[in-house]
Ligand SMILES: Nc1ncnc2c1ncn2[C@@H]1O[C@H](COP(=O)(O)OP(=O)(O)O)[C@@H](O)[C@H]1O
Ligand SMILES: [Mg+2]
């Protein structure tokens with residue numbers, strides 16, 4: 001295949017003495033959905049924060065196709081086409097649902113304004129199933145609807161790379177199926193995605209390949225089946241006695 | 001609610017009507033000097049001056065929640081631009097220069113401080129006004145041997161009034177344009193969540209600095225327009241820190257969520273401060289203090305917030321009565 | 001070289017108000033912009049005690065500091081705690097406490113102007129000179145410096161070698177963890193706020209013995225204290241003492257070698273430079 005959409009090279013981030021991401025390298029191919037998994041506190045969110053520019057890496061390099069984005073500011077990385085959701089949902093509470101989504105397509109990778117932006121946002125709200133909530137004040141939306149809204153906002157940028165941080169967490173079983181279907185559709189359309197997730201069903205159904213982190217270190221990288229049967233991964237998740 | 005979504009609709013009929021009413025209102029107000037040239041004109045000058053100052057202040061501080069006490073600095077700079085240049089440079093040019101100098105200084109301050117948070121920004125802006133005042137005082141006493149500058153012009157109070165009224169129109173139009181622009185929308189997003197704003201591709205630093213510059217430039221022009229009214233300009237009168245505090249009070253008591261919010265604070269408080277100044281000159285400080293307390297403990301969203309809560313209660317209770 | 005000693009003598013008094021402010025901000029998390037009013041209040045009290053009852057300002061501290069302690073405790077409990085409880089984010093608390101303490105500042109200033117008038121005050125206590133290294137210094141300045149040093153030393157011992165002092169330092173570092181180890185955080189905050197006010201008042205009583213004071217000067221001293229606190233890094237008591245001495249030296253140096261009219265400009269200039277280049281403080285530990 002051609003150049004990967006994202007290549008992370010020997011990336012390290014330390015907070016004071018704590019090394020949250022330790023010398024990690026991996027690649028995401030174009031159109032691929034990569035799962036980033038690992039126990040709590042293993043550094044997954046930090047990794048997404050490094051890619052999206054929320055944090056600056058201590059050492060290492062990140063390339064988005066041929067662009068070096070290692071030390072770029074978050075807003076520049078967004079303009080290159082990286083969009084994300086947050087582990088703890090961050091909607092814009094004083095704006096309406098429609099305005100929340102419009103916010104995603106004005107300043108970033110896509111720069112629309114006026115009718116165009118409005119139409120795009122409306123279409124995306126339909127797509128994530130929020131059609132009837134276009135004018136609802138966002139702080140009265142349910143948790144899943146807030147998550148849908150955040151996804152619609154990220155999609156509004158036509159991202160080249162989409163980062164999802166536990167987007168499926170906290171959904172009930174029927175919502176989960178809808179959610180998985182939505183992500184599956186995105187993948188089929190060719191969006192490159194990194195998905196941090198704990199929901200094993202979703203990982204099995206969706207991921208083309210998986211990277212497993214534990215205590216900041218990459219302990220496995222490969223196809224979903226290989227990775228999930230790797231003894232070291234099982235040990236990281238379940239503790240020593242199960243290996 | 002649907003009104004909220006029309007951030008880029010065409011100018012609606014309703015907006016056209018409001019614009020027409022405003023134009024008529026301004027025209028009527030502009031005739032005031034024909035009827036009175038004494039007390040009412042003088043207090044109206046103050047009211048319009050504070051309307052411009054507070055609206056300009058709110059352009060920046062409303063969405064960002066940064067409390068700026070730099071008003072006295074920008075105002076004083078504007079005043080001094082006129083005081084220094086009036087003998088040699090045409091007055092209209094001086095107004096433009098005042099805007100450029102204050103806006104430029106706002107840009108430098110913004111560049112340096114907007115990464116500082118809350119309280120540091122407040123004291124920085126207060127310190128800046130004081131620093132400039134001290135330096136101007138020192139330069140004057142040591143190099144010009146006087147404590148102030150004379151501003152002799154043909155500009156009378158009614159001309160000051162008309163200029164301020166014109167500037168008010170400009171400020172409202174600028175504010176309205178900003179609210180409809182990408183910049184205004186970006187400021188709304190930043191006010192909600194700065195981290196999200198960055199991840200949506202907004203250069204938050206530049207956005208804030210731009211708005212601070214626009215706000216500072218307008219305040220500078222107010223200072224310039226007021227200069228002829230001083231006739232003798234001294235550092236304590238031009239860089240009067242009380243102006244900074246009064247602007248914060250009036251704007252917050254009015255409410256900063258809408259362009260016309262500050263108006264609700266300016267009119268009562270200009271009159272109140274004026275009356276207190278006449279009848280209880282020693283109690284100004286206590287009035288300012290009580291006003292700050294009222295903002296925090298009674299009217300956290302200003303009169304505007306109060307009106308909107310009442311309106312909401314009213315509409316929701318009428319809805320209950322009407323089950324359709 | 002006499003400016004060095006003069007600067008240090010002045011810095012001693014500054015140290016107390018700065019330590020007061022840093023306790024209030026570092027522990028109680030309230031940036032008290034009205035802190036300077038404690039100092040002005042103490043100046044007037046000391047003046048009154050000395051002129052009306054011939055109680056000297058050093059002894060006066062025994063009366064003034066507890067008064068300030070009680071007043072500040074009440075201010076914290078009735079004005080500040082509701083804000084702490086109501087504010088959802090630290091940003092909201094910051095904006096609210098800035099506005100509320102501005103309110104307090106103007107009200108207190110207004111009350112003092114109302115009670116004492118807008119004039120300048122001074123009184124003669126130990127106004128004779130004392131010779132140090134062949135130069136003459138005001139005895140009152142030297143005595144004030146020694147008293148300030150004793151108070152600062154006592155505070156240091158209290159914070160570092162008593163249980164309650166340790167608890168207060170724990171709240172300064174992390175209120176959430178402190179409450180986990182059964183420290184009563186709201187009470188420790190109120191105590192720190194009150195103690196900060198008392199220290200500032202003590203510094204005011206000392207200052208009044210050699211300084212011409214007036215009802216309007218509170219904000220200037222709050223700004224001085226802020227410069228010191230920011231230079232030292234918030235919550236750092238030892239750093240605050242060092243930074244206070246530095247500010248005292250800087251001001252005296254400017255007054256001696258440049259122009260007395262520029263000392264205040266010097267303070268603000270220093271303040272702006274520190275904010276621009278070392279917002280985490282000159283001695284502040286960097287956070288990453
Ligand atoms: N801003 C930060 N400052 C200090 N430590 C952090 C910060 N963000 C994350 N960490 C630490 O980094 C480690 C990894 O956290 P995180 O990336 O959130 O893990 P995960 O998302 O895999 O659960 C944790 O120990 C966490 O406490
Ligand atoms: Mg996480």
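The values are calculated or read from the model by the stated rules, or taken from the named source; none is laboratory data. Because the structure is a prediction, the values reported are computed rather than measured. Cβ coordinates were reconstructed from backbone atoms using ideal geometry, including for glycine residues, and neighbour counts include every protein chain displayed.
General observations
- Residue in region A:211-234 that is farthest from the other protein chains (Cβ to nearest Cβ), counting only those that are more than 16 Å from ligand 2 (Cβ to nearest atom) and in contact with a helix residue (DSSP H, G or I) (Cβ under 7 Å, 6 or more places away or on another chain): A:234
- Scoring residue A:56 on the criteria (1) crowded, with 22+ Cβ neighbours inside 10 Å; (2) within 14 Å of chain B (Cβ to nearest Cβ) leaves a single failure, condition (1).
- Filtered residue count, region A:61-70, keeping only those that are more than 14 Å from chain B (Cβ to nearest Cβ) and either within 13 Å of ligand 1 (Cβ to nearest atom) or in contact with a helix residue (DSSP H, G or I) (Cβ under 7 Å, 6 or more places away or on another chain) (or both): 1
- Those residues of region A:2-21 which are without any contact (Cβ under 8 Å) to a residue 12 or more places away in the chain and away from ligand 2 (no atom under 16 Å from the Cβ), in sequence order: A:16, A:17
- The helices (runs of 4 or more DSSP H) found wholly in region C:1-78 and carrying at least 1 residues that are in contact with a strand residue (DSSP E or B) (Cβ under 6 Å, 6 or more places away or on another chain) and either surrounded by 23 or more Cβ atoms within 10 Å (Cβ to Cβ) or within 14 Å of chain B (Cβ to nearest Cβ) (or both) occupy C:35-53.
Residue-by-condition table, conditions (1) surrounded by fewer than 22 Cβ atoms within 10 Å (Cβ to Cβ); (2) closer than 30 Å to residue A:115 by Cβ; (3) out of contact with any strand residue (DSSP E or B) (no Cβ under 8 Å at 6 or more places or on another chain); (4) at pLDDT 90 or above:
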residue: B:20; (1), (2), (3), (4): yes, yes, yes, no
residue: B:49; (1), (2), (3), (4): no, no, yes, yes
residue: B:83; (1), (2), (3), (4): no, no, no, yes
residue: B:101; (1), (2), (3), (4): yes, no, yes, yes
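- Breaking point among (1) more than 14 Å from chain C (Cβ to nearest Cβ); (2) outside any helix (DSSP H, G or I), for residue B:167: (2)
- Across region B:262-292, the number of residues qualifying as under 16 Å from residue B:251 (Cβ atoms) and within 12 Å of chain C (Cβ to nearest Cβ) comes to 3.
- Residues (away from ligand 2 (no atom under 16 Å from the Cβ) and over 24 Å from residue A:204 (Cβ atoms)) located in region A:27-65: A:53, A:56, A:57, A:58, A:59, A:60, A:61, A:62, A:63, A:64, A:65
- Filtered by the rule that a residue be within 8 Å of chain B (Cβ to nearest Cβ), assigned to a helix (DSSP H, G or I) and closer than 24 Å to residue B:63 by Cβ, region A:91-137 gives A:98, A:99, A:102, A:103, A:104, A:117, A:118.
- So residue A:212, is it modelled with pLDDT under 90 and surrounded by 14 or more Cβ atoms within 10 Å (Cβ to Cβ): no
- Hits in region A:71-87 - residues which are away from chain B (no Cβ under 11 Å) and within 30 Å of residue A:170 (Cβ to Cβ): A:87
- Residue within region B:105-120 that is away from chain C (no Cβ under 14 Å), at negative phi, part of a helix (DSSP H, G or I) and surrounded by 15 or more Cβ atoms within 10 Å (Cβ to Cβ) present: yes
- Residue selected from region A:203-223 under the condition in a helix (DSSP H, G or I) and over 14 Å from the mean Cα position of the chain (by Cα), by the criterion farthest from ligand 1 (Cβ to nearest atom): A:205
- Of everything listed in (1) away from ligand 2 (no atom under 16 Å from the Cβ); (2) over 15 Å from residue A:54 (Cβ atoms); (3) in contact (Cβ under 8 Å) with a residue 24 or more places away in the chain, the single unmet condition for residue A:83 is (2).
- Residue match in region C:86-103 (condition: more than 14 Å from chain B (Cβ to nearest Cβ) and either free of Cβ contacts under 8 Å to residues at least 24 places away in the same chain or crowded, with 24+ Cβ neighbours inside 10 Å (or both)): no
- Evaluation of residue A:24 against (1) within 16 Å of ligand 2 (Cβ to nearest atom); (2) in contact with a helix residue (DSSP H, G or I) (Cβ under 6 Å, 6 or more places away or on another chain) (one fails), failing number: (2)
- Matching option when the condition is more than 19 Å from residue C:111 (Cβ to Cβ) and without any contact (Cβ under 8 Å) to a residue 60 or more places away in the chain, among B:261, B:277, B:289, B:255: B:255
- Of the residues making up region A:149-185, those that are in contact with a strand residue (DSSP E or B) (Cβ under 9 Å, 6 or more places away or on another chain), away from ligand 1 (no atom under 16 Å from the Cβ) and in a loop (DSSP other than H, G, I, E, B) are A:156, A:157, A:158, A:159, A:160.
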